[in-house]
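Novice: Just dropping this structure here.
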Amino acid sequence: MKIKEIQDEIIEEFSLFEDWKQKYEYIIELGNTIELIDEKNKTDSNLIKGCQSKLWLYAELKNGKVIYTADSEAIITKGISAILLRVFSNQTAKDILNSDAKYIDAIGLKEHLSPTRANGLVSMIKQIKYYALAFNTN
Amino acid sequence: MIYKMSFDINKIRSDFPILKRKINGSNFIYFDNAATSQKPNIVIDSISDYYKNYNSNIHRGVHTISQEATDAYENARAKIQKHFNIRNSHEIIFTSGTTHSINLVANGFQDLLSDKDEIIISGLEHHSNIVPWQMMTEKNGAKIKIIPINENGELNMKAYDNILNSKTKLVFVNHVSNALGTVNPIKTIIEKAHKVNAAVLIDGAQASAHFKTDLQELDADFYTTSAHKLCGPTGIGMLFGKEKWLKKLPPYQGGGEMISDVTFEKTTYAELPHKFEAGTPNVSGAIAFGIALDYLNEIGFKNIYNYESSLLQYTTEKLKLIPNLKIYGESKDKTCVISFNIDGIHAYDIGALLDKFGIAVRTGQHCAQPIMDHFGISGTVRVSLSFYNTKKEIDVLYNSLKQAISMLS
């Protein structure tokens, strides 16, 4: 699926929730399904800066697609990371670079992306793009 | 405003407009008081009154409103003097807050110390209390010694005795720890430091909102606090320094207000306290600081202390009912701060869900990484209470916490 289609699908899913509790229960559930980073890649250089909870992100290129894996000590951070990875992982570097993360606003999780919020998700999106940029020029 | 006879919590709460807010559809509950306190109407109004009616630069103007502003500013200094029982009003310097005060003192001691000297700081310090001394000792080569803490989050006083010696020139301790709420035995620390002729600087930022401190009785050489921790505005604080020390320290910043005579060859510095108050000061902030002290004194610090103690006890007992909850810092002498973790759940997750319930708590290291390292944890959830909080709010916290835990496990 294309990035835009997945984003629309996620917006659709989140529109069904009646209150924040349902939404956060789902995020927590997603946190448990994330494509986990390999233990050997949980290095300091793969740590995302600016997090209260440790958040690792790793990327590799497979068959022309960027595959992201991540993990966090905090389950909500992990869940939101999973929502990012579901969109951006397994896409071409070019498509990743041409996309944005506005769908996070649309599903009402903007507060987690505010640069002042110390959970590192803004840095994570930047890092997702940096990896794509690196693989794009290869 | 008559509180002296009884502590009227409903009246007090009505003084704070922010407490009427709703967050995510729930009543707003503010448990981040150690970060900053909320402001009563009387403080908020004093700022707008200043700008509406007598905004003016101070100490120079001969016109009416400049004199009114000068009087109000100096009157605020007099209120601080009375509140902290300070001998001379010129021993009070208005600063932008505790961090500014500490930097002022550290900067002053930079030239007074050499690589043969030592300073002692406590292991319970906030980052802002560590960095200025590291910067100072990088320049003059003095050595930093640390007073370690024990399992209850208290200073190890035996270790203090061991590191205190004739080389010690300055001891620096907070009155109350921001991360754990521990009240430190500063009276003893000061007495012992004075026996080896070391000066003592106390950071009172986490103490001033909870109890009154008599600085003549305490005999600290320097004491500082920030107005925003005690219902006053941000950007204003005070540094008390004994006259003999303030005379010894060089000025921190150059500018207007701090000079008495300037030629291109030489400048003569102004007398205390103006020597340390360069430039146009935060006039409205100082005035509002004074009003905040009036407000708290009107309620009465005894009332505040008693009310907060019962709130702390209630909260501690209630939180202990939650399985796998561990409280960090259980000193017998502590202010109403409860730092905790729940086994297997990250503090950030708890904080994020409590926010959804309309409850503001702090999560993370609380700018006190060394303390977190001591306990071998990456952070805690910190509930810090104030006299405008209620047991009913604690009950909401308890129920919300239980729901959050069930969502997260």
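Novice: Can you tell me the dipole magnitude for chain A around its Cα centre, using point charges on the Cβ only (Lys, Arg +1; Asp, Glu -1), in Debye to the nearest 20?
Specialist: Here the size comes out at about 580 debye.
Novice: Over the Cα atoms, compute the radius of gyration (one decimal) and Dmax (the largest Cα-Cα distance, rounded to a whole number) for the range B:134-200, in Å.
Specialist: 12.4, 35
Novice: If you don't mind, another one. Mind ranking B:349-355, B:312-318, B:270-276 by how tightly packed they are, going by the mean number of other C-beta atoms within 10 angstrom, highest first?
Specialist: Listed from highest to lowest mean packing, they are B:349-355, B:270-276, B:312-318.
Novice: Let me ask something additional. Based on the mean of other beta carbon atoms within 10 Å per residue, what is the order of B:99-109, A:7-17, A:64-74, most packed first?
Specialist: Descending mean neighbour count gives B:99-109, A:64-74, A:7-17.
Novice: Next question. Given all pairs of different Cα atoms, what value in angstroms does the Kirkwood hydrodynamic radius of chain A take?
Specialist: 15.1
Novice: Just subtract the alpha-carbon distance of B:D373 and B:T280 from 0.36 nm times their residue separation and send over the number in nm, one decimal.
Specialist: Here the segment from B:D373 to B:T280 would lengthen by 29.3 nm.
Novice: Averaged over peptide B:371-383, how many Cβ atoms belonging to another chain are found within 10 Å of each residue's Cβ?
Specialist: Mean partner shielding for this stretch: 1.
Novice: Could you give the dipole magnitude of the range B:44-297 about its Cα centre, charging the beta-carbon of Lys and Arg +1 and that of Asp and Glu -1, in debye to the nearest 20?
Specialist: Roughly 460 debye, rounded to the nearest 20.
Novice: Would you calculate the separation in nanometres between label points at B:N24 and B:N53, each defined as 7 Å from the Cα along the Cα-to-beta-carbon direction?
Specialist: 4.2
Novice: So what is log10(I(q)/I(0)) for the range B:54-144 at q = 0.13, 0.23, 0.24, 0.26 1/Å, when the Debye sum runs over its Cα atoms only?
Specialist: Calculated log10 I(q)/I(0) at the listed q: -0.64, -1.07, -1.11, -1.20.
Novice: Note the full-extension length gain between B:T234 and B:D214 as 0.36 nm times their separation in residues minus their Cα-Cα distance, in nm to one decimal.
Specialist: Extra length available between B:T234 and B:D214 comes to 4.8 nm.
Novice: Can you compute the modelled spin-label distance between B:S6 and A:L61, with each label point 7 Å from Cα toward Cβ, in nm?
Specialist: Output for this residue pair reads 7.6 nm.
Novice: Also: Which residues' amide hydrogens lie under 5 Å from the amide hydrogen of B:V171, considering only partners 5 or more residues apart or on another chain, with H built in the peptide plane?
Specialist: So B:V171 has HN proximity to B:I120, B:A199, B:V200, B:L201.
Novice: Extension gain B:D115-B:K402, at 0.36 nm per residue separation less the Cα-Cα distance, in nm?
Specialist: Contour length minus the Cα-Cα distance gives 97.9 nm.
Novice: Cα convex hull of the range B:95-149: mean projected area in nm², to one decimal?
Specialist: So the Cα hull casts an average projection of 3.6 nm².
Novice: Then there is this: Largest first and to the nearest Å, give the Cα extent of the range A:1-66 along each principal axis.
Specialist: Rounded to whole Å, the extents work out to 39, 33, 20 Å.
Novice: What Kirkwood hydrodynamic radius do you get for the range B:254-389 when you take the inverse of the mean 1/r over all pairs of distinct Cα atoms, in Å?
Specialist: Result for the range B:254-389, one decimal place: 18.9 Å.
Novice: Return the Cα extents of the protein assembly as shown along principal axes one, two and three, sorted largest first, each rounded to a whole Å.
Specialist: 75, 56, 54
Novice: Have a look at the range B:44-297 and give its Rg and Dmax from the Cα atoms, expressed in angstrom.
Specialist: 18.6, 60
Novice: Let me ask another. Count, for each residue of A:73-82, the Cβ atoms from other chains sitting within 10 Å of its Cβ, then give me the mean as a whole number.
Specialist: Mean partner shielding for this stretch: 4.
Novice: Note down the nm distance, to one decimal, between modelled labels 7 Å out along Cα→Cβ at B:E298 and at A:K102.
Specialist: Modelled inter-label distance: 5.1 nm.
Novice: Let me ask you something else. Can you compute 3J(HN,Hα) from phi for each residue in the range B:42-54, using the Karplus curve 6.51 cos²θ - 1.76 cosθ + 1.60 with θ = phi - 60°, rounded to whole Hz and x for Gly and Pro?
Specialist: 4, 6, 4, 5, 5, 6, 5, 4, 4, 6, 7, 10, 8
Novice: Starting at the first residue of the range B:357-364, write each ³J(HN,Hα) from the Karplus equation 6.51 cos²θ - 1.76 cosθ + 1.60 with θ = phi - 60°, in whole Hz, x for Gly and Pro.
Specialist: Per residue, the Karplus-derived 3J(HN,Hα) values read 7, x, 9, 8, 10, 9, 10, x Hz.
Each reported figure results from applying straightforward, stated rules to the coordinates on display, with no laboratory input. For clarity, every value in this text was computed on a predicted model and none was experimentally measured. Note that we place each Cβ from the backbone using ideal geometry, even for glycine, and neighbour counts take in every protein chain shown.
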